[in-house]
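Here's the structure, in structure tokens; my notes come after.
The values are calculated or read from the model by the stated rules, or taken from the named source; none is laboratory data. Since the structure is predicted, the reported quantities are computational estimates derived from the model, not experimental observations. Using ideal geometry, Cβ is built from the backbone for each residue, glycine included, and neighbour counts are taken over all protein chains shown. Accessible surface is based on the protein model in full, side chains and every heavy atom, while ligands, DNA and RNA are left aside. Shrake-Rupley method; radii C 1.70, N 1.55, O 1.52, S 1.80 Å.
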Amino acid sequence: MTRLVKLIYSFAVISLLFSCTTTPPDLGNVLHKGNGAEPQTLDPHKAEGVPASNILRDLYESLTEVGVDGQPVLGAASSYTLSSDGTVYTFTLRKSARWSNGDKVTAHDFEYGFKRSIDPKTGSKYSLILAAIKNAEAIIDGKKPVSSLGVKAINDYTLQITLNAPTPYFYDLLNHSTTYPVHK
């Protein structure tokens with residue numbers, strides 16, 4: 001083959017290759033994210049494992065979240081106070097927080113979520129994470145009613161959590177799925 005024929009042939013092959021490619025469709029504001037294995041459930045209080053946790057972190061907002069430096073930061077809560085004895089956390093929720101249907105996320109949703117998570121009937125494998133909360137272990141053991149859990153909605157935007165004793169790591173636990181609110 002002459003040089004000119006080789007050049008034309010190469011150009012034709014390259015043109016053919018480029019003509020076979022297509023531009024991906026515009027999908028708008030859609031995040032495509034690989035998750036690995038399929039989650040067993042997306043119930044925040046029954047979920048186990050990384051696949052479910054990855055999705056749940058995108059679907060729910062807890063009282064605290066993990067900041068860019070790995071430290072806890074406020075999430076659905078706009079502020080909190082801790083009693084002088086270190087046993088009572090009082091969270092003020094952001095009034096702008098909404099469920100996907102537009103309903104307000106309230107302290108009642110968090111109270112319901114905590115109590116659902118600790119209820120033995122729910123079957124949460126991680127309910128013991130909440131053992132620092134007043135009466136949690138007795139509820140898990142079936143010795144006290146779920147209503148006695150030390151979590152109470154004071155009003156729509158104020159949630160109070162009472163602990164058995166000062167628990168320095170408790171604030172860090174509040175981003176776990178056992179603490180996610182549930183729309184009753």
Those lysines that a straight Cα-Cα span of less than 16 Å connects to Lys143, excepting residues fewer than 8 apart in one chain: Lys115, Lys121, Lys134
Shape category assigned to the chain from the gyration tensor of Cα positions, a/c cut at 1.5: prolate
Note, ³J(HN,Hα) from phi for segment 162-173, Karplus 6.51, -1.76, 1.60, rounded to Hz, x at Gly and Pro: 9, 9, 5, 7, x, 9, x, 8, 4, 3, 5, 6
Packing-based order for 77-84, 66-73, using average beta carbon neighbours within 10 Å, highest first: 77-84, 66-73
Positive minus negative residues near Thr87 (Lys, Arg vs Asp, Glu; Cβ under 14 Å): +1
Cα shape, segment 76-184, gyration tensor, a/c 1.5 rule: oblate
Ser148 paired with Glu38, simple spin-label distance in nm, labels 7 Å along Cα-to-beta-carbon: 4.2 nm
Heavy atoms of Ile55 accessible to a 1.4 Å probe, total area in Å² rounded to 10: 50 Å²
Estimated distance in nm for a label pair at Val30 and Lys104, the labels positioned 7 Å out from Cα along Cα-to-Cβ: 3.5 nm
Most mobile of Thr167, Thr106, Thr64 in a GNM of the chain (Cα contacts under 10 Å): Thr167
FRET efficiency estimate (nearest 0.05) - Cβ-Cβ, Lys121 to Ile55, R0 25 angstrom: 0.55
Karplus-derived HN-Hα couplings along segment 132-147 (A = 6.51, B = -1.76, C = 1.60, θ = phi - 60°), whole Hz, x at Gly and Pro: 5, 6, 3, 6, 4, 5, 5, 5, 4, 7, x, 8, 9, x, 4, 4
